[in-house]
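Engineer: Right, I'll just put the structure down here and ask away after.
The values are calculated or read from the model by the stated rules, or taken from the named source; none is laboratory data. What you see is a predicted model; the values in this text were computed from it and never measured. We place every Cβ from the backbone using ideal geometry, glycine too, and count neighbours over all the protein chains shown. Calculation scope for accessible area: heavy atoms of the full protein, side chains included, ligands and nucleic acids excluded. Shrake-Rupley method; radii C 1.70, N 1.55, O 1.52, S 1.80 Å.
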Amino acid sequence: TGGGCPHILAEPERTNTLLYSEDFSQYSAGGTAPTLTTGQLAPDGTYNATKVSGVIGSTSLARTSESSATASRSIYAKTVSGTGTANLMSYFQNTNNLFTLTEEWQRFELTGTQVVPTSFYAVDFRGSQTLSEFIIWGAQSEEGSYPTSYIPTSGSTVTRNQDIFTRDGIGSLINSTEGVLFVEIAALDSSGTYRLISLSDGTDNNRVFIGLNTATGYIYYYVIVGGVVKANFTTSTFPSAFTKVAVKYKENDFALWVNGVEVSTDSGGTTFPVGTLDRLKFESGNAGLVPFFGKVKQLQVYDTSLSDTQLAALTS
């Protein structure tokens, strides 16, 4: 939920290369060994978090982490009481990484170019931090340009499979001759190529899709009938926060609406023969291509072409 209204989180396949994401007794101590107090309440409701107490200036806690040149690292942390700064995940780029901790759990994240040494420093009391004790949980190091949701490990690397969302056999719910595809989406990041949500017949020849052109960082849409593009448009908007997008398709009446504003219209072109569109996919019409990775709070399919007033209200 992210602390708010629940939404779908669609993520790619990722591997947590840290062998121990919660058992910090498996990490090697540098300098004066820190004191580890297990059995602390963790963000997931278990008592698997660890309080780390150390001497500022001479204590660190590290674990070897194998990752590619570009990696994303993350860890949950909170103070025992009050607010202060702590050095987490240091030496990721040969720098100290001071974060402000509070009494509330936060997930702290870093992404960048990995350098030697490849150790994951869960904590490093070297540096100008103000805290000599705090609580940590859920360490993760993964190959990729942005961090994904937590993958627990306990002695070996763990891979989470790519999320796949499809619904076939719903031709009776989709009007191929006219309709509206509406989504409320947010991007995970601006890397990759394309990320699509589509209505189709299972091919790329017949489809309506809303997507993220992450090469340029913009929302865009296409209506393709019989392999021919009937309407398309690319915005100058990147949905880093939740954004409402609707594409209307009807013979000689196509439009794209974003956050209450009509940003594109096209008054020429046919639509699909009756019964053509029969499935919804978080990807291209063709199986497995350009899957959608991001957050989806709403997804609606209308079997009639909505009016401008309705589309403005829907996307506002």
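Engineer: Compute the FRET efficiency between GLN310 and ILE8 as 1/(1 + (r/R0)^6), taking r as their Cβ-Cβ distance and R0 = 22 Å, and round to the nearest 0.05. Before the final figure, lay out the partial values.
Structural biologist: On the way: r = 24 Å, r/R0 = 1.10.
Efficiency, rounded to the nearest 0.05: 0.35.
Engineer: If you don't mind, there's one more thing I want to ask. What lysines does LYS51 reach when the alpha-carbon gap must be under 23 Å and sequence neighbours fewer than 8 apart in one chain are set aside?
Structural biologist: LYS78
Engineer: Let's see if you can work this out: charge +1 on each Lys and Arg Cβ, -1 on each Asp and Glu Cβ, no other charges. What is the dipole magnitude of the chain about its Cα centre, in debye to the nearest 20? Walk me through the intermediate numbers first.
Structural biologist: Values: 19 positive and 28 negative charges, 79 e Å.
Result for the chain is approximately 380 debye, rounded to the nearest 20.
Engineer: Going by average Cβ density within 10 Å per residue, which order do the peptides 264-272, 141-149 take, highest to lowest? Please list the in-between numbers first.
Structural biologist: Details: 264-272: 16.6, 141-149: 19.1.
Result, highest mean first: 141-149, 264-272.
Engineer: Let me ask something else about it. Across the chain, how large is the tail of the calculated P(r) beyond 36 Å, expressed as a percent of all Cα pairs? Mind dumping the intermediate values first?
Structural biologist: Working: 16904 of 49770 pairs.
Of all Cα-Cα pairs in the chain, 34 percent lie more than 36 Å apart.
Engineer: Counting each DSSP H run of 4 or more residues in the chain as -39500 (n - 2.57), what helix-only mean residue ellipticity at 222 nm follows after dividing by all residues, to the nearest 500 deg cm²/dmol?
Structural biologist: Working: 1 runs with 8 residues, N = 316.
Calculated from helices alone, the mean residue ellipticity at 222 nm is -500 deg cm²/dmol.
Engineer: When a/c is below 1.5 the answer is rounded, else prolate if a/b is larger than b/c, else oblate, so apply that to region 19-65 with a ≥ b ≥ c taken from the square roots of the Cα gyration tensor eigenvalues.
Structural biologist: Numbers: a/c = 2.92, a/b = 1.53, b/c = 1.91.
Here region 19-65 falls in the oblate category.
Engineer: Would you mind calculating the gained length between SER132 and SER190 on full extension (0.36 nm times residue separation, minus the Cα-Cα distance), in nm to one decimal? It would help to have the intermediate numbers written out before the result.
Structural biologist: Numbers: separation 58, 0.36 × 58 = 20.88 nm, distance 3.70 nm.
Taking SER132 through SER190 to full extension adds about 17.2 nm, to one decimal.
Engineer: Express in Å², to the nearest 10, the accessible area of SER190 obtained by rolling a 1.4 Å probe over the protein heavy atoms while all chains stay in place.
Structural biologist: 70 Å²
Engineer: So which lysines can LYS244 reach, going by Cα to Cα under 26 Å and dropping same-chain residues fewer than 8 places off?
Structural biologist: Here the lysines satisfying the reach criterion relative to LYS244 are LYS230, LYS281, LYS295, LYS297.
Engineer: Something else about it: Determine the share of region 1-149's accessible area contributed by carbon and sulfur atoms, expressed in whole percent, with a 1.4 angstrom probe. Mind dumping the intermediate values first?
Structural biologist: Details: 3070 of 6290 Å².
Result for region 1-149: 49 percent of the exposed heavy-atom area is carbon or sulfur.
Engineer: Which of the listed residues, LEU101, LEU306, SER191, is farthest toward the dipole's positive end in the chain, when Lys, Arg count +1 and Asp, Glu count -1 at the beta-carbon?
Structural biologist: Ranked along the dipole, the leading option is LEU101.
Engineer: Follow-up. Accessible area of ILE164, 1.4 Å probe, to the nearest 10 Å²?
Structural biologist: Rounded to the nearest 10, the figure is 120 Å².
Engineer: Just report the Cα centroid separation between region 286-314 and region 1-34, whole Å.
Structural biologist: Value for the Cα centre distance between the two parts: 33 Å.
Engineer: Next question. FRET efficiency for GLU109 and THR159, Cβ-Cβ distance as r, R0 = 22 Å, nearest 0.05? Walk me through the numbers before you get to the answer.
Structural biologist: Working: r = 20 Å, r/R0 = 0.89.
The computed FRET efficiency comes out at 0.65.
Engineer: In Å³ and rounded to a whole number, note down the convex hull volume per residue for the Cα atoms of region 259-314. Please report the intermediate quantities before stating the final value.
Structural biologist: Working: hull volume 8.1 nm³, N = 56.
Dividing the Cα hull volume of region 259-314 by its residue count gives 145 Å³.
Engineer: Further, regarding this structure: Calculate, for ILE56 and GLN298, the FRET efficiency according to 1/(1 + (r/R0)^6) with r their C-beta to C-beta distance and R0 45 Å; round to the nearest 0.05.
Structural biologist: E(calc), rounded to 0.05, equals 0.40.
Engineer: Given 0.36 nm per residue, what is the gain on full extension from THR64 to THR1 after removing their alpha carbon distance, in nm? Present the calculation step by step, with values, prior to reporting the outcome.
Structural biologist: On the way: separation 63, 0.36 × 63 = 22.68 nm, distance 3.17 nm.
Once the chain is fully extended between THR64 and THR1, it gains 19.5 nm.
Engineer: Something else: Any idea what diffusion coefficient region 33-179 gets from Stokes-Einstein, in µm²/s, Kirkwood Rh on alpha carbon pairs, 25 °C, 0.890 mPa s? Present the calculation step by step, with values, prior to reporting the outcome.
Structural biologist: On the way: Rh = 17.0 Å.
So the translational diffusion coefficient is about 145 µm²/s.
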